[in-house]
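Data block below; observations after.
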Amino acid sequence: MSQKNELKEIAKLFFKLGSIAFGGPAAHIAMMEDEVVKKRKWLTQEHFLDLVGATNLIPGPNSTEMTMHCGYERAGRKGLFVAGICFIFPAVVITSVLAWLYQTYGQLPEVAPFIYGIKPAVISIIIMAAFRLGKKALKNTELAILGIITLVANLLGVNEIIALFGCGFLGLGLYYFKQNTGALKSFIPLLLFQVTDPTKFGTFKIFLTFLKIGAILYGSGYVLFAFLDTELVANGWLTRQALIDAVAIGQLTPGPVLSTATFIGWQMNGIAGAIVATLGIFLPSFLFVLILHPLIPKMRRLKVIRAFLDAVNVAAVALIVAVCVEMARDTLTDWRTILIGAASLIIVFVFKKTNSAFIVLGGAMVGYLLTLI
């Protein structure tokens, strides 16, 4: 297949995922695994796991960066940019329309009945991905124990990044223990940069603010709201109600939750603010993946790094399971959501070739119909 056709294939796939990928990063990665590993076989399960683990080690939205890794794997650097842009684009357009409606009419459209059914359906997709990835990641008993420790630690409130790195370093410790050697090498964290805060913000200031957030944001995209509260609400640039409504936008739109930056940028400075906020929040991810992706196979060949990556991969699966547990706790609250969740789970495990898009859309429609009862 020529690169031109490969790029078209990448664009079509990630535009579709960007249009129907509800449920946050874990759900996005689950859908991606189904499409690029199981169906298209662009990369192996082990390499996909390595990319998930590596993505968790750098700042930025995990699922968006995974699209870039997959695109790079399929069609090089051009594939990276095509995949990332096509995944982000639908959410940015939908968010822009909602931002305009919000600014014009002061309220959001009523979509809660559809989201009601999507959330329990998405849980089943995440469970299937965790099951498939877990089979590949759990290479021995030690890794299984590390995964359980990471899962329990995260459910007890330990920050996901601390849990991830902690598991990685425990894996390193086990490796060195087996090798009867000391001297653990450390990983140097990325330096954080600061942007000075003038008393007034303009288009360039909005760009710099969101560029800063995109460059230092670790963990899931939901951590974004804590950054925005500190950067914008505390400085009086955005009302807390607008931020709360931005959280709602992140929940009801497909694709990366960081497209919320588009909504907030629009409230701050219209369409120009929306454009620069979007560019600022996502630009660091493109640069990080561009640098990191070629290094991952080389890292895997080094035994000490391989031990770290194996532990990180197990931790990544454990964190996906933890997200699933938390989602189930918050979502499966009545017989309707339990029914949708159970039916979706049966479909993904019994009818394994069912496209995840149909699971999401089916959940939305059934959820809407059940709310009418």
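The values are calculated or read from the model by the stated rules, or taken from the named source; none is laboratory data. These numbers were taken from a predicted model, which means no experiment stands behind them. We place every Cβ from the backbone using ideal geometry, glycine too, and count neighbours over all the protein chains shown. Accessible surface areas use protein heavy atoms only, side chains included; no ligands, DNA or RNA. Shrake-Rupley method; radii C 1.70, N 1.55, O 1.52, S 1.80 Å.
Things worth noting here:
- Rolling a 1.4 angstrom probe over the protein heavy atoms with all chains in place gives the chain an accessible area of 45 Å² per residue.
- Taking 7 Å steps out from each Cα toward its Cβ at LYS298 and ILE58 produces label points 1.4 nm apart.
- Span from the the stretch 58-74 Cα centroid across to the the stretch 273-337 one, whole angstrom: 9 Å
- For the chain, the pair-distance distribution built from all alpha carbon pairs, in bins 10 Å wide starting at 0, is 5, 24, 33, 26, 11, 2, 0 percent.
- Measuring gaps between exposed loop sites in the chain (chymotrypsin sites (Phe, Trp or Tyr not before Pro); DSSP loop; at most 16 other Cβ atoms within 10 Å), the longest gap, sites not included, is 1-186.
- Taking the protein heavy atoms of the stretch 227-373 in the context of the full set of protein chains, the accessible area attributed to carbon and sulfur is 72 percent at 1.4 Å.
- Extension gain, ARG240 to LYS139, is 31.7 nm, computed as 0.36 nm per intervening residue step minus the present C-alpha separation.
- Set of aspartates and glutamates with alpha-carbon distance to LYS8 below 20 Å, sequence-local pairs under 8 removed: GLU33, ASP34, GLU35, GLU65, GLU73
- Taking label positions 7 Å along the Cα-Cβ direction at both ASP229 and PHE169, the computed distance is 2.7 nm, reported to one decimal.
- Cα→Cβ-extended label distance, 7 Å offset, between LYS352 and VAL325, nm: 2.6 nm
- Within the chain, helix-based [θ] at 222 nm, where runs of 4 or more DSSP H residues each add -39,500 (n - 2.57), nearest 500: -25000 deg cm²/dmol
- Of all lysines in the structure, the ones whose alpha carbon falls short of 22 Å from that of LYS119, not counting any fewer than 8 places away in one chain, are LYS16, LYS352, LYS353.
- Cross-link partners of LYS139 among lysines (Cα-Cα below 23 Å; sequence separation of 8 or more within a chain): LYS38, LYS41, LYS178, LYS298, LYS303
- Computed over the chain: relative contact order in percent, which uses C-alpha pairs under 8 Å that are six or more apart: 32 percent
- Using the alpha carbons alone, the radius of gyration of the stretch 249-291 stands to its Kirkwood radius in an Rg to Rh ratio of 1.04.
- Percent accessible area from carbon and sulfur atoms, the stretch 1-90, protein chains only, probe 1.4 Å: 58 percent
- Mean separation of Cα contacts under 8 Å, 6 or more apart, over the residue count of the stretch 63-170: relative contact order %: 11 percent
- Between ASP34, ASP50, ASP334, the Gaussian network model of the chain with springs among Cα atoms under 10 angstrom shows the greatest mean-square fluctuation at ASP334.
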